[in-house]
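The values are calculated or read from the model by the stated rules, or taken from the named source; none is laboratory data. As the structure is a prediction and not an experimental result, all values here were calculated from the model. Virtual Cβ from ideal backbone geometry, glycine too; neighbours counted across all protein chains shown. Quick note on the areas: whole protein, heavy atoms, side chains included, nothing else; ligands and nucleic acids left out. Shrake-Rupley method; radii C 1.70, N 1.55, O 1.52, S 1.80 Å.
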Amino acid sequence: MVNCTKLAGFQVLSFRSFTVYIFKTLCDNLTYNVGTTKFRWLTTMTGKVKIGTHDGSFQCDEALACSLLKMLPQYKDADIVRTRDQNILNTCDIVVDVGKEYNHSKRRYDHHMRDFKESLSTVIKKPGYDSKITLSASGLIYCHYGHDVIKLLVPHADSRTIDVLFKYIYENFVKEVDAIDNGVDICANPLYYIRTDISSRVKNLNPAWNSKGIDPDKQFLKAVELTGQEFTECVNSAANIWLPAKCIVEDAIAKRFEVDPSGEIIILQQFAPWCGHLFAIEKELNIQPLLKYVIYKSDNYRVQSIPIEPTSFTCRMFLPEAWAGLCDDELVRACGIEGAEFVHRNRFIGGSATRESALMMARKALELGKVI
């Protein structure tokens, strides 16, 4: 579990701070060593560190891979070399998405080989790293350098928190890029297609087939900046919004037996998005019996039934049928609890004037639900 006490001391780099720190300082230093020869490369003889990737049309995965590397001190001033010439790639300090080789010790991170089958689960062989989606260049770079990048952006987080953030960001950002780049459909026979995802927007930065005078290398720079900004937004949201909510839910679950001897009712000390966290924590801690009701403060106090799955409308235990659609005095007469204000006709949520009356509603609903 995350150390929620330490969480209060985080000083996460804001998106604005990151934009100033990284993309003003780092992206301005990006230079593309390209020329008009067939090698599309012109050495600057600067002795700088070089990040190699392929030229021609670009995709989100190598743009994000380059952006992640440029966030690190050892690569922040690196030149990006865009070429497919192996002799030139051999001079690069690190190569992504080209070269027909994956070898971390040599800092080579291509994924196009016929026998390439690496995923998060095979590269990071630890519990909780379960994804079987084949990695793209960005996934490889994230696996090997993502913890360091997150530590840079969330400098006061401890190692356990970095680990939690790493997994969340992979699931909610990097995994999508891996899947799209490797042609993994989100589902069979989709009813519509998403054209505004980050991979599509990077693809649209490529010069159009009939465009004139547009430098593809400058467009690639825009893709590096775009992916870096959105990656940072994801880290910022995870550290400042998602993780504090997780701590609130963890605390409520830890205190569930103080709320009710059944251990099936929790009270959030303040409202936070709870559903996804609740299911993850139940699974992580193997909580039995499963939770049935969540109480939290809104404009009044809410009693909400927990669904059988995060996206389901079917609940583990609905509020009583006799309360459905009632409010105020009519509800008070039906349930016998002063302060009860309403129950939705579909019985998944109710409201009460006070914390105490909300808890009484949950306890009575639990009692009646177990009789049925």
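Only Cα pairs under 8 Å and 6+ residues apart enter the sum, and on that basis the relative contact order of the chain stands at 13 percent. Here region 218-315 is assigned +1 on the Cβ of each Lys and Arg and -1 on the Cβ of each Asp and Glu. Its dipole about the Cα centre then comes out at about 140 debye. For region 239-306 versus region 163-182, the spacing of their alpha-carbon centroids is 26 Å. Remark: the chain projects, on average over all directions, an area of 22.9 nm² (convex hull of Cα atoms).
Short-range pairs are left out: with C-alpha atoms under 8 Å and at least six residues apart, the relative contact order of region 191-292 is 18 percent. Axis angle, to the nearest 10 degrees, between helix 60-70 and the longest C-alpha principal axis of the chain: 80 degrees.
Here the Karplus relation 6.51 cos²θ - 1.76 cosθ + 1.60, evaluated at θ = phi - 60°, turns the backbone of region 261-275 into coupling constants of x, 5, x, 10, 10, 10, 10, 7, 5, 8, 5, 7, x, 10, 5 Hz, with x for every Gly and Pro. Over the residues of the chain, the helix contribution to mean residue ellipticity at 222 nm works out to -11000 deg cm²/dmol, using -39500 (n - 2.57) for each DSSP H run of at least 4.
For the chain, which whole-number percentage of the solvent-accessible area (1.4 Å probe, protein heavy atoms only) is attributable to carbon and sulfur atoms?
53 percent
What is the angle, in °, between the Cα long axis of helix 159-169 and the longest principal axis of the Cα atoms in the chain? Nearest 10 is fine, range 0 to 90. Helix 159-169 sits at roughly 80 degrees to that axis.
Ranking E230, E282 by solvent-accessible area of protein heavy atoms (1.4 Å probe, all protein chains present), from largest to smallest, gives E230, E282.
Heavy-atom accessible area with a 1.4 Å probe sorts R82, R160, R302, R114, largest first, into R114, R160, R302, R82. Here the Karplus relation 6.51 cos²θ - 1.76 cosθ + 1.60, evaluated at θ = phi - 60°, turns the backbone of region 195-212 into coupling constants of 10, 10, 5, 5, 5, 5, 5, 5, 4, 6, 7, 4, x, 5, 4, 10, 7, 9 Hz, with x for every Gly and Pro. The angle between the Cα long axis of helix 137-153 and the main principal axis of the chain comes to about 70°, on a 0 to 90 degree scale. Amide hydrogen proximity for T83: with H placed 1.01 Å from N in the peptide plane, the residues at 5 or more positions away or on another chain lying under 5 Å are T53, H54, D55.
For the residues R345, R201, a 1.4 Å probe over the protein chains yields an accessible-area ranking, largest first, of R345, R201. Cross-link partners for K255 among the lysines, with Cα-Cα distance under 23 Å and sequence neighbours closer than 8 places in the same chain left out: K6, K246, K283, K292, K297, K364, K370.
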